[in-house]
Amino acid sequence: MSGVKKYEISEPWLKLHCALGEAPFWEESTNTLRFVDVEKQELHHVSLADGPSSHKVVKQHDISIGCTADIEGNDTEFIFGGKYGYGICNRQTGEYRWIKKVWSDEEVKAGKPDRFRGNDGAVDSGGRFWVGFMFDPLVSEMNDEGAVFKLHPDGTLDRPLSGITIPNGTTWNQKDDTMFFADSPFKTIYQFDYDAKTGSVSNKRPFFVMPKDNRYGEGAVPDGHCIDEEGFMWTALHGGSRVLRISPKGEIVAEIKVPTSQPTCPCFVGEELVITSAGGNAGEGGKPVDENAGSVFKINVGVRGLKRFRFKGGAAVEGGKEEGKVVGE
């Protein structure tokens with residue numbers, strides 16, 4: 001651990017008790033932070049200019065949203081990966097519509113839409129939206145029947161990865177020739193060769209494996225992550241009270257101690273990292289697991305993040321016009 005830079009956050013930036021705070025996203029056009037509470041099915045907004053006092057729950061939905069992304073040429077809506085597939089949501093009102101379901105007819109008959117939900121995801125340089133789907137812990141036991149789907153700008157869908165348990169942290173390196181992806185229960189972040197032109201992946205191998213000495217706790221697993229402009233990864237450790245900075249060689253070079261046990265996902269806002277967390281109702285009697293569980297944290301780390309790409313699917317977005325229904329299949 002020699003040479004590892006240490007940061008420490010003393011208190012939340014935004015004191016909340018999210019059950020599963022996730023998917024922090026900086027809307028640069030409005031200088032707004034949006035994030036979700038997956039289990040409470042809430043969409044949250046905070047003006048970064050006005051600070052925590054501007055926080056509001058835009059909408060409590062009737063479905064869960066796992067991740068979101070901006071849309072090219074559209075600053076009034078965003079695309080999301082949610083309970084049944086891909087949808088479009090109005091930034092101001094939270095109203096949504098479905099544009100693509102992900103499961104096959106056979107899988108629908110087997111009840112997968114009810115037993116699974118969208119989790120983490122991101123848009124690649126080609127404007128394709130990757131979303132990992134996992135068992136829904138509220139209705140199903142842990143299993144490896146999850147998958148990662150990829151929605152193309154023309155509305156077509158494919159399934160690059162299957163046999164997934166808990167998908168987290170889809171990102172790409174600066175050269176755009178490597179994709180990173182975590183399957184959390186395996187305590188491993190994987191890397192793949194990535195073809196930016198076609199969006200295909202191959203040659204799966206480990207990039208980072210949690211230390212065997214359990215220095216961050218036996219239950220600590222890699223959760224969401226992001227990449228900075230120097231090519232280093234910042235990954236939350238759910239169950240480990242940390243966010244780690246990992247070098248392109250897969251080595252820990254810095255760690256942020258977070259005052260809660262379940263940080264879930266970091267995202268860059270300029271040179272600051274904003275970090276969501278979980279556990280707001282996971283303690284005894286539905287109480288928080290610790291004082292700051294489910295809060296949002298912020299810290300300056302002196303480096304900016306790689307830009308996040310927008311979904312380029314004008315055709316796919318325009319194809320879904322029916323409120324609350326799955327279209328564009």
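The values are calculated or read from the model by the stated rules, or taken from the named source; none is laboratory data. From a predicted model like this one, the values you see are computed outputs, not experimental measurements. As a convention, Cβ positions derive from the backbone with ideal geometry for all residues, glycine included, and neighbour counts pool all protein chains shown.
For the reader, a short list of remarks on this structure follows.
- Residue within segment 209-225 that is over 24 Å from residue 137 (Cβ atoms), crowded, with 22+ Cβ neighbours inside 10 Å and touching a residue at least 40 places away in the same chain (Cβ under 8 Å) present: no
- Qualifying residue in segment 74-88 (condition: surrounded by fewer than 17 Cβ atoms within 10 Å (Cβ to Cβ), in contact (Cβ under 8 Å) with a residue 40 or more places away in the chain and touching a Lys or Arg at 6+ places or on another chain (Cβ under 7 Å)): no
- Residue that is farthest from residue 27 (Cα to Cα) [pool: residues in segment 53-105 that are touching a helix residue (DSSP H, G or I) at 6+ places or on another chain (Cβ under 9 Å) and among the charged types (D, E, K, R)]: 101
- Residue check for residue 150: in contact with a strand residue (DSSP E or B) (Cβ under 7 Å, 6 or more places away or on another chain), surrounded by 21 or more Cβ atoms within 10 Å (Cβ to Cβ) and at pLDDT 95 or above: yes
- Qualifying residue in segment 38-58 (condition: of a type in the set (S, T, N, Q), closer than 25 Å to residue 153 by Cα and over 18 Å from the mean Cα position of the chain (by Cα)): no
- In segment 111-131, the qualifying residues are those that are free of Cβ contacts under 8 Å to residues at least 40 places away in the same chain and under 20 Å from the mean Cα position of the chain (by Cα), and the one that is farthest from residue 311 (Cα to Cα) is 115.
- Top-ranked residue in segment 47-68 [being of a type in the set (A, V, I, L, M, F, W, C) and crowded, with 22+ Cβ neighbours inside 10 Å; ranked as nearest to residue 169 (Cα to Cα)]: 67
- Whichever residue in segment 241-260 is assigned to a strand (DSSP E or B) and in contact (Cβ under 8 Å) with a residue 60 or more places away in the chain and, among such residues, is nearest to residue 293 (Cα to Cα): 257
- Among residues of segment 278-301, those that are buried (at least 18 other Cβ atoms within 10 Å of the Cβ) and on the phi > 0 side of the Ramachandran plot, counted: 2
- The conditions of being in a strand (DSSP E or B) and either at negative phi or crowded, with 18+ Cβ neighbours inside 10 Å (or both) are met by residue 131.
- Residue in segment 261-268 that is closer than 29 Å to residue 72 by Cβ, in a strand (DSSP E or B) and touching a Lys or Arg at 6+ places or on another chain (Cβ under 8 Å) present: yes
- Residue 114 among the acidic types (Asp, Glu), assigned to a strand (DSSP E or B) and touching an Asp or Glu at 6+ places or on another chain (Cβ under 9 Å): no
- Single match in 231, 224 (criterion: of a type outside the set (Val, Ile, Thr) and not in a strand (DSSP E or B)): 231
- Every residue from segment 51-66 that is over 16 Å from residue 296 (Cβ atoms) and in a strand (DSSP E or B): 59, 60, 65, 66
- A count restricted to segment 265-277 and to residues that are touching a Gly at 6+ places or on another chain (Cβ under 6 Å) and either surrounded by 24 or more Cβ atoms within 10 Å (Cβ to Cβ) or more than 18 Å from residue 33 (Cβ to Cβ) (or both) stands at 3.
- Only one of the numbered conditions (1) at positive phi; (2) surrounded by fewer than 16 Cβ atoms within 10 Å (Cβ to Cβ); (3) assigned to a loop (DSSP other than H, G, I, E, B) is violated by residue 138, and that is (1).
- Residue pairs meeting the criteria (Cβ under 6 Å; at least 6 apart or on separate chains; first of a type in the set (A, V, I, L, M, F, W, C), in segment 188-200; second buried (at least 18 other Cβ atoms within 10 Å of the Cβ)): 189/180; 189/182; 189/207; 189/208; 189/222; 192/179; 192/201
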